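Quick notes on the structure that follows.
The values are calculated or read from the model by the stated rules, or taken from the named source; none is laboratory data. In this text the structure is predicted, and so the values were computed from the model without any measurement. Counting neighbours? That spans all protein chains shown, and the Cβs are built from the backbone with ideal geometry, glycine included. The accessibility values were calculated without ligands, DNA or RNA, using every heavy atom of the protein model including side chains. Shrake-Rupley method; radii C 1.70, N 1.55, O 1.52, S 1.80 Å.
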Amino acid sequence: MSAPIVRCRGLTKTYGRGDTAVPALRGVDFDASAGEVVMLVGPSGCGKTTLLSVIAGVLDGDGGTCSVLGHDLHKESGTAKTRLRRHGIGFVFQAFNLVPTLSVAENVAVPLLIQGEKRRVALQRARAALEPVGLVDKAAALPGQLSGGQQQRVAIARAIVHQPPLIVCDEPTSALDHRTGEQVVGLLRDLAHLHQCCLLIVTHDNRIFSFADRIARMDDGHIVAMGDAADF
Ligand code: ADP
Ligand code: MG
């Protein structure tokens, strides 16, 4: 058995209060391990982004438990969660979120600079992270000079540069055409398997389901089915 990276039990999250309360997670049980690619799928509004955000320590759950990399998130201080995010987690978003005025290498170096790494070392490691995504020759370019697929590969390099044991991705292919989306997810999967990190991908793009080791289907704040790509 690989090491458990994420373990949620009876996890709940409601936005707002009273008449305007929106229950987004209604008691989620979920596990993910090192070396695993798990996709969270389901209709818009079912709670995928909320679940990913709680797991990533950017949003607080209300009830139940959520343990990530051995930390019980409901008990950790804000500072501890910030440290966990900085060191333990890589992020890939739908809208690449690159800084337009920084070079590709500088963008990739950001997680290391935030950790306090020296600029020279950070840029060296950023160049190394650009290698597996095939963009070393674009290190000095600005993001605006790259295609969408290339920009998402820069975002992947940024997510892996600090070698986090957990990578979370929210709709990473929705701004890409089908072929490019497949390339990007294939790359993410290969890197996750190579480095034995846990890769969580929120998506409603069923064309990339085949890249998952496991798929969790959500509906209305619950996980309603779990299986491999053949089941979905
Ligand atoms: P998904 O990612 O599956 O589309 P979300 O997790 O974004 O779903 O949303 C789950 C539910 O929570 C939806 O009903 C959504 O409208 C609601 N929701 C999400 N974010 C907020 C927020 N910041 N404030 C209030 N309601 C929210
Ligand atoms: Mg979402």
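The residues of region 17-116 present an accessible area of 44 Å² per residue when probed at 1.4 Å with all protein chains retained.
Each of 231, 220 has its accessible area taken with a 1.4 Å probe; listed largest first, they run 231, 220. For trypsin sites (Lys or Arg not before Pro), the sites in region 111-208 that DSSP calls loop and that have at most 10 other Cβ atoms within 10 Å are 118.
Spin-label model, residue 207/residue 60: points 7 Å from Cα along the beta carbon direction are separated by 4.1 nm.
Taking a point 7 Å out from the Cα of residue 44 in the direction of its Cβ, none of the residues of region 77-121 has a backbone N less than 15 Å from it.
Given the rule -39500 (n - 2.57) for each run of at least 4 DSSP H residues, summed and divided by the residues of the chain, what is its mean residue ellipticity at 222 nm, to the nearest 500 deg cm²/dmol? Each step should come with its number before you reach the end.
Numbers: 6 runs with 74 residues, N = 232.
Using -39500 (n - 2.57) per qualifying helix, the result is -10000 deg cm²/dmol.
Among the listed pairs 13/81; 48/81; 81/118; 48/118; 13/118, which have their C-alpha atoms separated by more than 27 angstrom in this model?
Pairs exceeding 27 Å: 48/118; 13/118.
Solvent-accessible area of the chain (1.4 angstrom probe, protein heavy atoms only): carbon and sulfur portion equals 50 percent. For the chain, the longest principal axis of the alpha carbon atoms and the long axis of helix 104-115 meet at an angle near 60°.
Please give the length that would be gained between residue 137 and residue 220 if that part of the chain were fully extended, namely 0.36 nm times their separation in residues minus their C-alpha to C-alpha distance (nm, one decimal).
Values: separation 83, 0.36 × 83 = 29.88 nm, distance 4.49 nm.
That pair, residue 137 and residue 220, stretches by 25.4 nm at full extension.
If you restrict to DSSP beta bridges whose two residues both lie in the chain, what percentage is antiparallel, to the nearest 5?
Bridges in the chain that DSSP calls antiparallel: roughly 55 percent.
Got a sec? What order do 106, 171 fall in by accessible area at 1.4 Å, biggest, i.e. largest, first?
Values: 106 45, 171 20 Å².
Descending order: 106, 171.
Under a model in which nothing but the beta-carbon of Lys, Arg (+1) and Asp, Glu (-1) is charged, the chain shows a dipole of about 820 debye around its Cα centre. Based on Cβ point charges of +1 for Lys and Arg and -1 for Asp and Glu, what charge dipole magnitude is obtained for region 37-158 about its Cα centre, in debye rounded to the nearest 20? Using only the charged Cβ atoms, the result is roughly 360 debye. Sequentially through region 187-195, phi angles give Karplus couplings (6.51, -1.76, 1.60; θ = phi - 60°) of 5, 4, 4, 4, 5, 5, 5, 4, 8 Hz, Gly and Pro residues having no value and appearing as x. Normalised by the number of residues in the chain, the average gap of Cα pairs under 8 Å and 6 or more apart makes the relative contact order 28 percent.
Amide hydrogen proximity for residue 74: with H placed 1.01 Å from N in the peptide plane, the residues at 5 or more positions away or on another chain lying under 5 Å are 66. Can you tell which of 216, 186, 98 lies farthest toward the positive end of the dipole of the chain, using +1 and -1 charges on the Cβ of basic and acidic side chains (Lys, Arg; Asp, Glu)? Farthest along the dipole direction, towards plus: 98.
When all protein chains stay in place and ligands, DNA and RNA are ignored, the 1.4 Å accessible-area order of 67, 77, largest first, is 77, 67.
Here the Karplus curve 6.51 cos²θ - 1.76 cosθ + 1.60, taken at θ = phi - 60°, turns the phi angles of region 159-168 into couplings of 6, 9, 4, 9, 6, x, x, 9, 10, 10 Hz, with x standing for Gly and Pro. Using a probe of 1.4 Å, the accessible surface attributed to residue 210 totals some 80 Å² when neighbouring protein chains are kept in position. Note that the chain carries a Kirkwood radius of 18.0 Å, evaluated over its alpha carbons pair by pair.
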